[in-house]
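The values are calculated or read from the model by the stated rules, or taken from the named source; none is laboratory data. Here the structure is a predicted model, which is why all the values come from computation and not from measurement. We place every Cβ from the backbone using ideal geometry, glycine too, and count neighbours over all the protein chains shown. Ligands, DNA and RNA are stripped out before the accessible areas are found, and what is left, the full protein with its side chains, is counted by its heavy atoms. Shrake-Rupley method; radii C 1.70, N 1.55, O 1.52, S 1.80 Å.
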Amino acid sequence: MRITGLQPTPVAVPFREDELWAYGGRRGLVSILLEVTTDEGIVGLGEAPAYPSTDIVLSVLRSVEPLVLGEDPFAIERLMKRIHLVGTWHHVKATSPGIAAVEMACWDIVGKACGQPLVNLFGGRVRDQVEFFYYVSQKPPDEVAADGRRGAEQGFRTFYLKVGADDLRDDVQRVAALREGAGAGAHIRVDANEAWSSAAAIRAVAELERYELELVEQPVSGRNLAEMAYVRSRLPVPLLANEASWTRYDQLEVIRHGAADVLSVDNQMDGGLLNLKRGAGICEIAGLPVLKHSLGELGVGVYAALHVMASTPNFTYANQSYASLLADDVLTGGPLPYQNGTLTVPDQPGIGVELDGERVERFSELYQREGKQFGFHDTAALKATPLLPKR
């Protein structure tokens, strides 16, 4: 079997409301859906978030296409080495989501050709459902409380809230509101996105501790692991590495520095699903749990990673999800079928999903018309302009 083509399709899927964090935000997800065709008629699906932009991901796909065409999609290790060595991507610290999308599509081809769901190819199930969190954006406390109630009613157990406001009192009010809305038994995870200094992080977590936080995500810069380790030693709440741990090389350094209690891992930033499994394995050897970070994914990307998470023991925390924000999806059936905050591992071959042609066409047209509206923006700019009309 040989690869005969790469067909990328950018799509824009709107959020129900703005996603806001300490210094930025966006109004929806832009993803590049990738179809990898073969000479035997099997088509593999992949997905790449438009990070840092659609143009860059598309340029990456064009640059690697000559290295991919004519190759055997079963020879995934060889193909990735070819891209990284011949294509010189080994000089780049974090690879492009575009490369990860090629690898994802190859795994889909292999699963379809073998008649097996990917979970079986990655070691078999250790769990049948994978848990995700309910994302709460920065907003007034009464709306945060309402989101907490809504997520709890849908069965989510873990709630994720952006913090790092200019005024700590705003963060305290939001976390208090989330605790009230989500209930006493909910897990609350806060993410500062590197917004705090060491002193500010220690002070902030001391103020927020009373609300029984599950994890504090990347309270300080991920580029200074000695500082992270110091902050971790002073916090009463476990520290989750994110910006510090996007690749398995980063994860190894976080472990060496003793800089985190839990690590985020991400196939999109680390070259693919196999590296997602490898990174989790490195952390498991160190006795550390992991969870999956997401730059924002639609159903193809979510379900592809789901197979790895279901086959890897130390994914013991709720993983990142955009279920609370996304208004729709590109898969047959539309929005993903979360049940009590979990998704069930597909039994169908490969990733086990199908694209909805009408939805793909509609969201591709939306990207062509208004794609720039869905990219990353300064928080102040988003707050100053009205939301796009619902679609």
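Just one of the numbered conditions (1) in contact with a helix residue (DSSP H, G or I) (Cβ under 8 Å, 6 or more places away or on another chain); (2) over 29 Å from Pro349 (Cβ atoms) is not true of Phe122: (2). Of the strands (runs of 3 or more DSSP E) contained entirely in the range 133-221, those carrying at least 3 residues that are closer than 17 Å to Ala241 by Cβ and within 23 Å of the chain's Cα centre (by Cα) fall at 187-191, 213-217.
In the range 337-347, the residue that is farthest from Arg127 (Cα to Cα) out of those that are part of a loop (DSSP other than H, G, I, E, B) and open to solvent by less than 30 Å² (accessible area, probe 1.4 Å) is Gly341. If you filter the range 130-155 down to residues that are crowded, with 16+ Cβ neighbours inside 10 Å and polar (S, T, N, Q), you find that the one that is nearest to Arg16 (Cα to Cα) is Ser137. Could you check, for the range 349-364, whether at least one of its residues is touching a helix residue (DSSP H, G or I) at 6+ places or on another chain (Cβ under 9 Å), within 30 Å of Ala186 (Cα to Cα), at pLDDT 95 or above and not in a loop (DSSP other than H, G, I, E, B)? No.
The rows are residues; the columns are (1) out of contact with any Asp or Glu (no Cβ under 6 Å at 6 or more places or on another chain); (2) surrounded by fewer than 21 Cβ atoms within 10 Å (Cβ to Cβ); (3) at pLDDT below 95.
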site: Glu71; (1), (2), (3): yes, yes, no
site: Ala75; (1), (2), (3): yes, yes, no
site: Leu85; (1), (2), (3): yes, yes, yes
site: His91; (1), (2), (3): yes, yes, yes
site: Ala105; (1), (2), (3): yes, no, no
site: Ala113; (1), (2), (3): yes, yes, no
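Does Asp18 fit the bill of being open to solvent by 30 Å² or more (accessible area, probe 1.4 Å) and farther than 15 Å from Val300 by Cβ? It is false that Asp18 is open to solvent by 30 Å² or more (accessible area, probe 1.4 Å) and farther than 15 Å from Val300 by Cβ.
Within the range 156-169, count every residue that is open to solvent by 20 Å² or more (accessible area, probe 1.4 Å), at pLDDT 95 or above and more than 17 Å from Glu209 (Cβ to Cβ).
1
Is at least one residue of the range 25-42 outside any strand (DSSP E or B), among the acidic types (Asp, Glu), farther than 20 Å from Glu370 by Cα and in contact (Cβ under 8 Å) with a residue 24 or more places away in the chain? Yes - at least one qualifying residue is present in the range 25-42.
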